[in-house]
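Q: Sharing a structure with you now.
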Amino acid sequence: MKVFTRLTGMAAPLLQNDVNTDQISPVAGHGVDTDYSNTLFYRQRYDSDDNEIADFVLNLPQFKAAQILITGDNFGCGSSRESAVWSLAGYGIRCVIALSFADIFRENCLRNGVLPVVLPADQHRALALKVAEIDGAEPFTADLEAQKIVTPDKLEFPFDIAAAERDSLLRGLDDIGVSLEHEDEIAAWEHSMAERRPWLQTAARPR
Amino acid sequence: MTGTLFEQLWSDHRAGTRADGRDLIYMDRHVAHELHSPRAFARLRETGRKVRRPDLTYQALDHSVSTFRPAGDTGAESPFIVAARAGCEEFGVHVFDVGDPEHGISHVVGPELGLTTPGSSYACPDSHACTVGALGVLAFGVGTSELEHVFATQVLALKPLKTMRVFFLGTPAEGVTAKDLILKAISVAGADGGRGHAVEYAGPAIEALGMEGRMTICNMAIEMGARTGLIAPDETTIEWLAGRPLAPQGFDWDSAADWWRTLKSSPDAAYDKEVVVDCEGMETQISWGTDPSQVVGASQRVPDPADAEPARKEAMARALSYMDLKPGTPLSEIAIDRVFIGSCTNSRLSDLEEAATVLRGHKVAEGVKAVVTPGSSQVKRDAEARGLDKVFKEAGFFWGESACSMCAGGMGDAADPGDRCISTTNRNFENRQGPGVRTHLASPANVAASAVTGRITSARKLLAGD
Ligand code: SF4
């Protein structure tokens, strides 16, 4: 997984609640080998003739190269599609700041080197005002090592993240590799279950 | 046993705990679908890993196959299906292939085959995996990376979830279905009311439901933001499972059923959160907005953001603008262009029967396009054996093949831009059923009634003749 340590880039505001993964990554834009760099918010960025919708935040000239997104409550709700995270990362947004994230989306972020930052309501409001005030003129920094968001005028917004999640992002850990260190325990569980509830360890095949 | 049912199943399935505090929760059954598995198979190839338990792993082909396909079409043109089949061949995974007798939507097929049984665990790379929780299953919807993780390890590495109980109090009005109950519950709990939680549904209204209605309830746990939902198994569950082809047989069945009867939250179990849904006399429910919590009773009017709490106003106004609705409009005056009955929420036999009961002797209103797609080919066969296909066709519905169809607007199974669609699906998100399409969520009976009048209509009103 791609390492996340520190990111400096423009911060764009999308201050809505309940932004769902259908919005972030509409299914019609998906193929087996899709390059997700241009599928982000497709239906909000482009009209039905594929022309840019001028007033969508990522189409405003100052936010075209945004790398940080600040949004509201329950970001990433709905479908479990990981393409929502791939399209954010593909576009270049590797840090999302929100009041809260939907569970599956947040898991998908952690596995793709995208940093989900949750701020308490008062801090979130203050940072959102700052993002509006700066309006893409200067970059913000998301610093995972120091666990803070830093504004262009050096205001700091500290955030919490579980130590293990921080460590995994900082080191770009292979999550499956970490679990596979427990292969013996998994095998032992299978043995015990085969005794206790044999029908669960032997699944029949149809026909 | 002590604790909530969810906690019991969690500790029963914990194979270990990682240094980062995540529990390794064993997945007894794993059903992948084709929008995710090609990338996960590709990653296994890159990393030189295998599918740990191909014998416990299955592949559904449901999202990218058209339900408007001619009979005999195997979906060979879908690149997702081609890649998924190739991966399954290589890694030894069984495919519920297009055209097979077991074909259908993953969450419909799993229970129907008896693949998912009480007290077991289930993963699927689809947020509606929670459907299966209706059988008392620990069910997890996952993304592609987690799918790959289950392929390689047969476990999910999960942080413990909080528990929540949604308790339905009272007896709803006649004709109120499982879909109405869950829409109401989401409107009470909110679209994010269950975030971080596993939700257990309980109460007399839940116990009174058949198995298929319970699946409709659990299907929409994710729409209140919950990671999963479940219902304690009882005799209804056990009877429903009896004789299903992949359910335990003989001696195993007896010991399984004995164990299933013990699976329930202990009376003194504490939940982190409790939501009570008062459904005494409750009427049938329909969504007016663009998230599944924006719901009112069918006899009500479109709400006014001016009356809403400040935090909701803006989202309501945005929803009204997308839905092209004015506050104060009676729902019964909203004209519709499209009708869809299907999806993992409401495409089982009882759902089709519910709709057909309303449709018998009626025709779809002039100018309304109506589609019904069974959730699996088994449902299709059963429905045809009962003559339901004829009822739908005579009313003017298109009778499709099994798959996701107009639920996610894939494979051209979408409404026309700007259409207003009343639908038995689970998401009324903007553009979900096609660009600019406006979706109203409702029960199969109400969708059928609306098809007949061309306006949002409750089945009770139609059947009462007013
Ligand atoms: S029917 Fe809809 S909600 Fe269900 S699995 Fe298919 S796309 Fe997902």
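The values are calculated or read from the model by the stated rules, or taken from the named source; none is laboratory data. Quick caveat, the model's predicted, so the values are computed rather than measured. Methodologically, a virtual Cβ is constructed for each residue, glycine included, from the backbone with ideal geometry; neighbour enumeration extends over all protein chains shown. Quick note on the areas: whole protein, heavy atoms, side chains included, nothing else; ligands and nucleic acids left out. Shrake-Rupley method; radii C 1.70, N 1.55, O 1.52, S 1.80 Å.
Q: Where the accessible area of segment B:162-278 is counted over protein heavy atoms with a 1.4 Å probe, how much of it, in %, is carbon and sulfur?
A: The computed percentage sits at 52.
Q: Also, quick follow-up: Each residue of segment A:59-64 in order: what ³J(HN,Hα) in whole Hz does its phi give by Karplus 6.51 cos²θ - 1.76 cosθ + 1.60, θ = phi - 60°, with x for Gly and Pro?
A: With the stated coefficients, segment A:59-64 comes to 8, 6, x, 6, 10, 4 Hz.
Q: Then there is this: Relative contact order for segment A:6-173 using alpha-carbon pairs under 8 Å, separation at least 6, rounded to a whole percent?
A: 26
Q: To continue, here is another question. Find out how many positive minus negative residues lie around B:C124, taking Lys and Arg as positive, Asp and Glu as negative, among other residues whose Cβ is under 11 Å from that of B:C124.
A: Result for the neighbourhood of B:C124: -2.
Q: Given the pairs A:K130/B:K326; B:K184/B:K461; B:K179/B:K313; B:K184/B:K363; B:K162/B:K264; B:K184/B:K313, which are separated by over 23 angstrom at their Cα positions?
A: Beyond 23 Å between Cα atoms: A:K130/B:K326; B:K179/B:K313; B:K184/B:K363.
Q: Also: Compute the convex hull volume of the Cα atoms of chain B, divide it by the residue count, and report the result per residue in Å³ as a whole number.
A: About 146 Å³ per residue, rounded to a whole number.
Q: Mind jotting down the three principal axis lengths of segment B:372-466 based on Cα atoms? Whole angstrom, largest first.
A: 36, 35, 20
Q: Another question, if that's okay. For the interface of chains A and B, what total accessible area is buried with a 1.4 Å probe, rounded to the nearest 100 Å²?
A: Protein heavy atoms only, the A-B interface buries about 5700 Å².
Q: Summing Lys, Arg as +1 and Asp, Glu as -1, what charge do residues with Cβ under 14 Å from the Cβ of A:L200 carry, A:L200 excluded?
A: -2
Q: Quick one, what does Rg over Rh come out to for segment B:289-463 if you take C-alpha atoms and the Kirkwood Rh?
A: 0.98
Q: Starting from segment A:99-166, pick out the trypsin sites (Lys or Arg not before Pro) whose DSSP state is loop and whose Cβ has at most 11 other Cβ atoms within 10 Å.
A: A:K154
Q: Are there any residues in segment B:33-75 with a reduction of at least 20 Å² in accessible surface when going from the isolated chain to the assembly of protein chains? Probe 1.4 Å, please list them by number.
A: B:L35, B:H36, B:R39, B:R49, B:R52, B:R53, B:D55, B:L56, B:Y58
Q: Of the DSSP beta bridges with both residues in chain B, give the percent that are antiparallel, rounding to the nearest 5.
A: Expressed as a percentage, antiparallel bridges in chain B total about 25.
Q: Largest first and in whole Å, give the semi-axes of segment B:1-67's equivalent ellipsoid, each being the square root of 5 times a Cα gyration tensor eigenvalue.
A: Rounded to whole Å, the semi-axes are 29, 18, 10.
Q: May I ask what percent, to the nearest 5, of DSSP beta bridges between residues of the protein assembly as shown are antiparallel?
A: Roughly 30 percent of the beta bridges in the protein assembly as shown run antiparallel, per DSSP.
Q: Using label points projected 7 Å from each Cα along Cα→Cβ, tell me how many nm separate B:E207 and A:T8, to one decimal.
A: Distance between the two pseudo-spin positions: 6.5 nm.
Q: With springs only between Cα atoms under 10 Å, which of A:S80, A:S48, A:S192 fluctuates most in a Gaussian network model of chain A?
A: Result: A:S192 has the largest fluctuation of those listed.
Q: Take every DSSP beta bridge with both residues inside segment B:162-278 and express the antiparallel ones as a percent of the total, to the nearest 5.
A: Around 5 percent of the beta bridges assigned by DSSP in segment B:162-278 are antiparallel ones.
Q: Using the heavy atoms of the protein chains alone and a 1.4 angstrom probe, what is the accessible area of the protein assembly as shown per residue in square angstrom?
A: With the other protein chains kept in place, the protein assembly as shown gives 35 Å² per residue.
Q: Pairing the Cα long axis of helix B:178-189 with the longest principal axis of chain B, what angle in degrees results, from 0 to 90 and rounded to the nearest 10?
A: 90
Q: Could you tell me the largest-minus-smallest coordinate of the C-alpha atoms of segment B:108-156 on each of the three principal axes, in descending order and whole angstroms?
A: 26, 18, 16
Q: Okay, moving on. Pick from A:E133, A:E183, A:E52: which residue has the top mean-square fluctuation in a GNM of chain A where Cα pairs under 10 Å get a spring?
A: Of A:E133, A:E183, A:E52, the most mobile in the Gaussian network model is A:E183.
Q: Could you give the dipole magnitude of segment A:6-173 about its Cα centre, charging the beta-carbon of Lys and Arg +1 and that of Asp and Glu -1, in debye to the nearest 20?
A: Dipole about the Cα centre, nearest 20: 360 debye.
Q: So for segment A:1-138, taking the charge dipole from beta-carbon charges (+1 Lys/Arg, -1 Asp/Glu), which of A:W86, A:V117, A:A98 sits furthest toward the positive end?
A: A:V117
Q: Can you tell me the dipole magnitude for the protein assembly as shown around its Cα centre, using point charges on the Cβ only (Lys, Arg +1; Asp, Glu -1), in Debye to the nearest 20?
A: Dipole about the Cα centre, nearest 20: 320 debye.
Q: Compute the distribution of all C-alpha to C-alpha distances in the protein assembly as shown, in bins of 10 Å from 0, and list the percent of pairs in each, rounded to whole numbers.
A: 3, 16, 27, 28, 18, 6, 1, 0
Q: 222 nm [θ] for chain A, helices only, -39500 (n - 2.57) per DSSP H run of 4+, per residue, to 500?
A: Roughly -9500 deg cm²/dmol at 222 nm, from the helical runs in chain A.
Q: Going out from 0 in 10 Å bins, what whole percent of all Cα-Cα distances in segment B:138-289 drops into each bin?
A: Whole-percent P(r) values from 0 Å outward: 10, 34, 35, 19, 3, 0.
Q: Could you give the dipole magnitude of segment B:19-158 about its Cα centre, charging the beta-carbon of Lys and Arg +1 and that of Asp and Glu -1, in debye to the nearest 20?
A: 360
Q: Still on this structure, I have one more. Evaluate the distance, in nm, between pseudo-label points positioned 7 Å from the Cα of A:L180 and of A:D135 along their respective Cα→Cβ axes.
A: 5.2
Q: Under the rule of -39500 (n - 2.57) per DSSP H run of 4 or more residues, summed and divided by the residues of chain B, what mean residue ellipticity at 222 nm is obtained, to the nearest 500 deg cm²/dmol?
A: Only helices count here, giving -9500 deg cm²/dmol.
Q: What is the pair-distance distribution P(r) of segment B:9-158, computed from all Cα-Cα distances in 10 Å bins starting at 0, with each bin given as a whole percent?
A: 12, 43, 33, 10, 2, 0
Q: Measuring from the lowest to the highest alpha carbon on each principal axis, how far does segment A:31-101 reach, largest first, in angstroms?
A: For segment A:31-101, the Cα extents along the three principal axes come out at 33, 32, 19 Å.
Q: Can you give the angle from 0 to 90° between the axis of helix B:144-153 and the longest principal axis of chain B, with both taken from C-alpha atoms, to the nearest 10?
A: The helix B:144-153 is inclined about 30 degrees to chain B.
Q: Related question: Calculate how steeply helix B:37-47 sits against the longest principal axis of the alpha-carbon atoms of chain B, using the helix alpha-carbon long axis, and give the answer as 0 to 90 degrees to the nearest 10.
A: 30
Q: Now, a different point. Based on the alpha carbon coordinates of segment A:6-173, what radius of gyration and maximum Cα-Cα distance (Dmax) apply, in Å?
A: Looking at segment A:6-173, its Cα Rg and Dmax stand at 15.1, 46 Å.
Q: For a quick check, take a GNM of chain A with Cα springs below 10 Å and name the residue from A:D22, A:D33, A:D55 with the largest mean-square fluctuation.
A: Among A:D22, A:D33, A:D55, the largest GNM mean-square fluctuation belongs to A:D33.
Q: A further question follows. Once each part is reduced to its C-alpha centroid, what is the distance from segment B:425-448 to segment B:301-345 in angstrom?
A: 11
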